[in-house]
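Structure first, then comments.
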């Protein structure tokens, strides 16, 4: 038998080259390069964000050396370089521009540094399985002397929160541990038998003890969900939340033992505030969502992602499950863990239902199609997106809610399905095949659910939420929006005025340029289009608040004259108004619910 020698480690070194020019220097050293010329590739996308992002576009300089001698380096493709044959070690050094404030790429200025490995680490061909060693160099600028390092990468000789050497078992692990460098606040808590740290960058005055208490409850509940019993353990020994607090921002990206979060600084809990404000509720839901991904998509993966191919799109029709089920559980975990009350949770569900009802694209595209086309549609919205695309996050969450309630009617639950997914796939690293969710649902319920998946996953029907919710003692009511700021989730205010609908969306202030014109609505029927600039209504100068007032004071069937510029051409339109659609939902605990319904509600909501 021929023995296979282990690959020598690939060495990386990260240097904060120039914070004013936003440049990292990242070197990759291969001890034994390919004798025919070593190729190096940079991923074109990052797992968890399904869009070709072309990270190589940020490479502003690249060179190769062996010892002190330069080595020829040819660019063979947008993401691929090949070094001339040489005797090792071979080092390829890149200067990477990093100035995107997001959770997906890299950022460097005088205040902080951050990077995701997929955007800065080259992968030598044939060596993805080789162990990796990463040296993160301390910045030379004395003004950054107090900076620290926050990452879930395993430490080698680096001290805790310090610069130095880190390691990874291979390239896949290497790029799954983002790195934050700077001056940050740290708070810690235990859950699932694991240490959980949160490093918060940016100006903020958060109530960190409260944040730790709330998140500890949410995280433990999720561990218990997959473990099947109170006090269950997490699938890791340490977890890290990397939080960047800014004036206005929102986003998250999951990793195997950590997550990167971007939030409003006012979204963090403020000292002395007892109630959970909407912004804090949003942050808790975001943190819960990304933490749930530690199981669902990081360890329980679609078969199409095992392994990831980072050079091209990886297609699956299952994102509705991996993101939609996660979007269902992110807020459900808040009520099940006791962080929020049931009525507050139902408000969030009402907002989600409202969001989907206001998307005509849900009647055009199924959540399975939305999953498959994420690469070309979901992350590239345009003025027609509401008419043609449905969110596999939002409608996926409603399908997950409907599936949970349907399974409960059949004597089981989505909780049970999650545990089977973990036992069959997550714990063993085998991917979930296309259609695997439906087969498990049928197995655990002992019934045929083909119609459910045909209509609500592969088809465009709205799931029968009102009927399903009634089975657990909850009412769902639809009404017209009270005004442009009405997000749903609550009963109509006593001064609600909306009577008619223009069938368009416009900014709340400034130039009255139509952002969206909804298919089949009054504006579309009259010939108005997105990007038309409205300048007059019935001969009077138009303003955003004027259109809102028009909808409040006119009645359905009235015709108004709208004058608008399309490009540089003045056009006139006669718009016949419709009655305001019943696209705003709110849920409530049914005070008339019978005892069995109340019991099922308690089993669902956990309180």
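The values are calculated or read from the model by the stated rules, or taken from the named source; none is laboratory data. Quantities reported herein were computed from a predicted structural model and do not represent experimental measurements. All Cβ positions, even for glycine, are placed from backbone atoms using ideal geometry, and neighbour counts span all protein chains on display.
When you go through 594, 564 one by one, which is the residue that is in contact with a strand residue (DSSP E or B) (Cβ under 9 Å, 6 or more places away or on another chain) and at negative phi? Spell out the reasoning first.
Values: 594 fails: in contact with a strand residue (DSSP E or B) (Cβ under 9 Å, 6 or more places away or on another chain).
None of the other options fit; the residue is 564.
Might you let me know whether segment 73-86 holds any residue that is farther than 25 Å from residue 54 by Cβ and buried (at least 17 other Cβ atoms within 10 Å of the Cβ)?
Start the filter on segment 73-86 by keeping residues that are farther than 25 Å from residue 54 by Cβ, which leaves 84-86.
Among the residues that remain, those that are also buried (at least 17 other Cβ atoms within 10 Å of the Cβ) are: 86.
Yes, that holds for at least one residue.
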- For segment 414-462, what are the residues that are over 15 Å from residue 321 (Cα atoms) and in a loop (DSSP other than H, G, I, E, B)? 427, 428, 429, 430, 446, 447, 448, 449, 460, 461, 462
- residue 343 vs. criteria over 20 Å from residue 178 (Cβ atoms), part of a helix (DSSP H, G or I) and either outside the structural domain of residue 49 (by TED's automatic domain parsing) or at pLDDT 95 or above (or both): yes
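Filtering segment 530-551 down to residues that are in contact (Cβ under 8 Å) with a residue 60 or more places away in the chain and surrounded by 17 or more Cβ atoms within 10 Å (Cβ to Cβ), which residue is farthest from residue 359 (Cα to Cα)? Break it down into steps so the answer makes sense when it comes.
Start the filter on segment 530-551 by keeping residues that are in contact (Cβ under 8 Å) with a residue 60 or more places away in the chain, which leaves 530-531, 548.
Subsequent filtering for residues that are surrounded by 17 or more Cβ atoms within 10 Å (Cβ to Cβ) retains 530, 548.
Details: 530: 16, 548: 20 Å.
Residue satisfying both the conditions and the ranking: 548.
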- Please tell me if residue 329 is at pLDDT 95 or above, within 14 Å of the chain's Cα centre (by Cα) and either surrounded by 20 or more Cβ atoms within 10 Å (Cβ to Cβ) or not in a loop (DSSP other than H, G, I, E, B) (or both). yes
- Task: Scan segment 580-607 residue by residue and report those that are crowded, with 19+ Cβ neighbours inside 10 Å and modelled with pLDDT under 95.
- Result: 580
- Message: Restricting to segment 87-102, name every residue that is under 23 Å from residue 19 (Cα atoms) and outside any strand (DSSP E or B).
- Response: 98, 100, 101, 102
- So which residues in segment 358-368 are in a helix (DSSP H, G or I), under 21 Å from the mean Cα position of the chain (by Cα) and touching a residue at least 60 places away in the same chain (Cβ under 8 Å)? 362, 367, 368
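Which of the residues spanning segment 467-490 are more than 26 Å from the chain's Cα centre (by Cα) and surrounded by fewer than 16 Cβ atoms within 10 Å (Cβ to Cβ)? Lay out the reasoning, then the answer.
Quick first cut of segment 467-490, residues more than 26 Å from the chain's Cα centre (by Cα) only: 467-483.
Residues satisfying the conditions are 467, 477, 483.
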- Of the residues that make up segment 473-488, is at least one in contact (Cβ under 8 Å) with a residue 40 or more places away in the chain, part of a helix (DSSP H, G or I) and not assigned by TED's automatic domain parsing to the domain that holds residue 506? no
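So, restricting to strands (runs of 3 or more DSSP E) that lie completely within segment 103-215, which ones have at least 1 residues that are touching a residue at least 12 places away in the same chain (Cβ under 8 Å) and over 15 Å from residue 243 (Cβ atoms)? Steps first, please.
Values: elements: 106-108, 112-115, 132-136, 148-151, 164-168, 179-182, 185-191, 194-201.
Correct list: 106-108, 112-115, 132-136, 148-151, 164-168, 185-191, 194-201.
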- Being surrounded by fewer than 23 Cβ atoms within 10 Å (Cβ to Cβ) and on the phi > 0 side of the Ramachandran plot narrows 285, 361, 338 down to just 338
- Query: Which of the residues that make up segment 270-311 are at pLDDT 95 or above, in a loop (DSSP other than H, G, I, E, B) and within 18 Å of residue 218 (Cα to Cα)?
  - Reply: 293, 294, 295
- Message: Please pick out the residue among 238, 265 that is surrounded by fewer than 23 Cβ atoms within 10 Å (Cβ to Cβ) and more than 25 Å from residue 12 (Cα to Cα).
- Response: 265
- Query: Quick one: in segment 162-190, which of the residues that are touching a strand residue (DSSP E or B) at 6+ places or on another chain (Cβ under 6 Å) and within 25 Å of residue 217 (Cα to Cα) is surrounded by the most Cβ atoms within 10 Å (Cβ to Cβ)?
  - Reply: 178
- Task: Only residues that are surrounded by 16 or more Cβ atoms within 10 Å (Cβ to Cβ) and either more than 27 Å from the chain's Cα centre (by Cα) or assigned to a loop (DSSP other than H, G, I, E, B) (or both): list them for segment 505-524, please.
- Result: 506, 512, 514, 518, 519, 521, 522, 523, 524
- If we keep only residues of segment 370-387 that are within 17 Å of residue 51 (Cβ to Cβ) and assigned to a helix (DSSP H, G or I), then the residue farthest from the chain's Cα centre (by Cα) is 385
